[in-house]
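Trainee: Below you will find the structure I want to go over with you.
The values are calculated or read from the model by the stated rules, or taken from the named source; none is laboratory data. What you see is a predicted model, and the numbers here were worked out from it, not measured in a lab. A quick note on method: Cβ atoms are made from the backbone with ideal geometry, for glycine too, and the neighbour counts reach across all protein chains shown. Quick note on the areas: whole protein, heavy atoms, side chains included, nothing else; ligands and nucleic acids left out. Shrake-Rupley method; radii C 1.70, N 1.55, O 1.52, S 1.80 Å.
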Amino acid sequence: MQIDITKLLTNQTSAINFEESVNIPKEFLINSRIDDLTNVTTKGSIKLNEENELIINAIVKGTMTLKDDLTLEPVSYNFETEIDEEYPNQESIIDVTHLLWQNILVEIPSKVRATDEDVHLSGDGWRVISEDEYNEERNKVNNPFANLEELLKTKEDK
């Protein structure tokens, strides 16, 4: 996304406001967890500070498609991030695509699930269980004193 800041640099205006649809190149997605980006828009302004540096204030919204952590099914995730950063003042037309992309990457959730329901996955000789189920089974199977409690109860009852 390229923005012409000539009017800002020549003091014809104190800020440049923008509201645009953003097209993130597909090659950016290759090494990320994001499979697709849709409906990405940005709205904000660019100003100069006292040191003559560009300050970009913007909000970026959109939908990213990620893979479910367990089932690898596609999951749509709506995101919104606020940008408030300095940008190097080099030319009269700036490309903020990389800045937007960096802020979108920060919004990727650490855990992606298609539903909130517990998913019970299993296969030939394996199954996915919760930590509580694991602890219960471990105590039952590996505890050599598991039967001792029952023996003590029967002895006390006599």
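Trainee: In the stretch 26-39, which residues are of a type outside the set (Gly, Ala, Ser), open to solvent by less than 60 Å² (accessible area, probe 1.4 Å) and in contact (Cβ under 8 Å) with a residue 24 or more places away in the chain?
Mentor: 28, 34, 36, 37, 38
Trainee: Can I ask one more? Can you find, within the stretch 98-133, the residue that is modelled with the lowest pLDDT among those that are surrounded by 13 or more Cβ atoms within 10 Å (Cβ to Cβ), touching a strand residue (DSSP E or B) at 6+ places or on another chain (Cβ under 8 Å) and not in a loop (DSSP other than H, G, I, E, B)?
Mentor: By that ranking, first place goes to 99.
Trainee: Residue 66 fails exactly one of the following numbered conditions: (1) assigned to a strand (DSSP E or B); (2) touching a residue at least 40 places away in the same chain (Cβ under 8 Å); (3) more than 17 Å from residue 29 (Cβ to Cβ). What is the number of that condition?
Mentor: Only one criterion is unmet by residue 66, namely (3).
Trainee: Which pairs have Cβ atoms under 9 Å, sit 6 or more apart or on different chains, and link a residue in the stretch 1-25 that is within 19 Å of residue 97 (Cβ to Cβ) to one that is among the acidic types (Asp, Glu) and open to solvent by less than 80 Å² (accessible area, probe 1.4 Å)?
Mentor: 1/20; 1/95; 2/95; 3/20; 3/95
Trainee: Residue 13 fails exactly one of the following numbered conditions: (1) among the hydroxyl-bearing types (Ser, Thr, Tyr); (2) part of a loop (DSSP other than H, G, I, E, B); (3) within 25 Å of the chain's Cα centre (by Cα). What is the number of that condition?
Mentor: (3) is the only condition that residue 13 fails.
Trainee: Still on this structure, please answer the following. Across the stretch 81-97, what is the total count of residues that are free of Cβ contacts under 8 Å to residues at least 24 places away in the same chain and surrounded by 10 or more Cβ atoms within 10 Å (Cβ to Cβ)?
Mentor: 1
Trainee: Let me ask you something else. Can residue 42 be described as surrounded by fewer than 11 Cβ atoms within 10 Å (Cβ to Cβ) and over 18 Å from residue 67 (Cβ atoms)?
Mentor: no
Trainee: Yes or no: residue 54 surrounded by 16 or more Cβ atoms within 10 Å (Cβ to Cβ) and at pLDDT below 90?
Mentor: For residue 54, the condition - surrounded by 16 or more Cβ atoms within 10 Å (Cβ to Cβ) and at pLDDT below 90 - is met.
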